[in-house]
Amino acid sequence: MHGLGDVRFFDLTAPLYDRVMPPANGEALAAGLDHATRPIDRLLDVGGGSGRAAAALAGPEIAVVDASLGMLARARDDRELSGVAGDAGRLPFRDEMVDAVTIVDAFHHLPDQEAAIREAARVLAPGGALVLREFDPEHPLGRVLVAAEHAIGMASRFRTPADLARAFDDAGLDPRIVDRGFGYTVAGVKREE
């Protein structure tokens, strides 16, 4: 109903998004990034929308990548972040260009999740980390969220932490489930070649 990856929904709600969403869990993101075996100087926040997750991180140079131009405008204008319009399944960056990739509360909206994981692995330098923060569809609150998003016409596809860990492994990332619950974190470190 809302278009590829629910982009139209986010374009429409961009002006209100940060007013209704809680801040990103910076501690969980930092715990995931701690698994990287290289210094993190450059980070891509894929599906980063308004920069809500980037605002919870300190230190690296961060570029927000999102398909919603309305959300990217918020990241640029409100948070003065670098923003790049792009598809998570075809990232407009060179191989091994960044030290970390985050995808926070957005993965379930991506139409080709396997391509997004492969692309994140491609742009990561060896020892870099992909940190994904999502909602567990098997948690009681997760079941409510799944039903709510489908009720408003979103094409969301939620996955369990174990399922994501397997997908990370298949993409050449050493997976770790960092935390569990309604919101959970999985990190994957790009294997050295």
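The values are calculated or read from the model by the stated rules, or taken from the named source; none is laboratory data. In this text the structure is predicted, and so the values were computed from the model without any measurement. Backbone-built Cβ (ideal geometry, glycine too); neighbour counts: all protein chains shown. To get the accessible areas, we keep the full protein, side chains included, count just its heavy atoms, and leave off ligands, DNA and RNA. Shrake-Rupley method; radii C 1.70, N 1.55, O 1.52, S 1.80 Å.
Note down the net charge around Leu29, summing +1 for each Lys or Arg and -1 for each Asp or Glu among other residues with Cβ under 10 Å from its Cβ.
Numbers: positive: Arg133; negative: Glu27, Asp34, Asp45.
Taking every other residue near Leu29 into account, the sum is -2.
Find out how many positive minus negative residues lie around Gly183, taking Lys and Arg as positive, Asp and Glu as negative, among other residues whose Cβ is under 12 Å from that of Gly183. Mind showing how you got there, number by number?
Numbers: positive: Arg133, Arg180; negative: Glu27, Asp105, Glu134, Asp136, Asp179.
Residues close to Gly183 contribute a combined charge of -3.
I'd like the carbon and sulfur percentage of the solvent accessible area for the chain, probe radius 1.4 Å, heavy atoms only, ligands and nucleic acids excluded. Write down the numbers at each step before the final one.
Values: 4810 of 8990 Å².
Here carbon and sulfur together make up 54 percent of the probe-accessible area.
Counting each DSSP H run of 4 or more residues in the chain as -39500 (n - 2.57), what helix-only mean residue ellipticity at 222 nm follows after dividing by all residues, to the nearest 500 deg cm²/dmol?
After summing the helix terms and dividing by residue count, I get -10500 deg cm²/dmol.
Could you order the peptides 164-171, 119-126 from most to least packed, using the average number of other C-beta atoms within 10 Å per residue? Intermediate results must be reported in sequence, preceding the final value.
Details: 164-171: 18.5, 119-126: 21.2.
In decreasing order of mean packing, 164-171, 119-126 become 119-126, 164-171.
Roughly how many debye, to the nearest 20, is the charge dipole of the chain about its Cα centre, given +1 on each Lys and Arg Cβ, -1 on each Asp and Glu Cβ, and no other charges? Spell out each step's value before the answer.
Working: 21 positive and 31 negative charges, 47 e Å.
My answer is approximately 220 debye.
Roughly how many whole Å is it from the C-alpha centroid of segment 96-130 to that of segment 148-168?
16
Given that compact globular proteins tend to follow 2.2 N^0.38 Å, what is the ratio of the alpha-carbon Rg of segment 145-193 to that value? Walk me through the numbers before you get to the answer.
Values: Rg = 13.6 Å, N = 49, 2.2 N^0.38 = 9.7 Å.
Taking the Cα Rg and dividing by 2.2 N^0.38 Å, one obtains 1.40.
Can you order the peptides 86-95, 183-192 by their average number of other Cβ atoms within 10 Å per residue, highest first? Provide the component values of the computation, followed by the final result.
Working: 86-95: 16.2, 183-192: 22.0.
Ranked by mean Cβ neighbours within 10 Å, highest first: 183-192, 86-95.
Per residue, how many Å² of accessible area does segment 83-187 show with a 1.4 Å probe? Intermediate values should be presented prior to the final figure.
Numbers: 4180 Å² over 105 residues.
Roughly 40 Å² per residue, with all protein chains present.
Would you mind computing, in nm to one decimal, how far apart the modelled labels at Glu138 and Arg94 are, each placed 7 Å from Cα along Cα→Cβ?
In this crude spin-label approximation the distance works out to 4.2 nm.
Put a dot 7 Å past each Cα toward the Cβ at Ala30 and Ala155; how far apart are the dots in nm?
So the two model labels end up 3.8 nm from each other.
Computed from these coordinates, which is volume of the Cα convex hull per residue in Å³: (1) 98; (2) 117; (3) 108?
(1)
Rank Ser156, Gly51, Ala171 by how far each Cα sits towards the positive end of the charge dipole of the chain (+1 on Lys, Arg Cβ; -1 on Asp, Glu Cβ) and give me just the farthest.
Value computed over the given set: Ser156.
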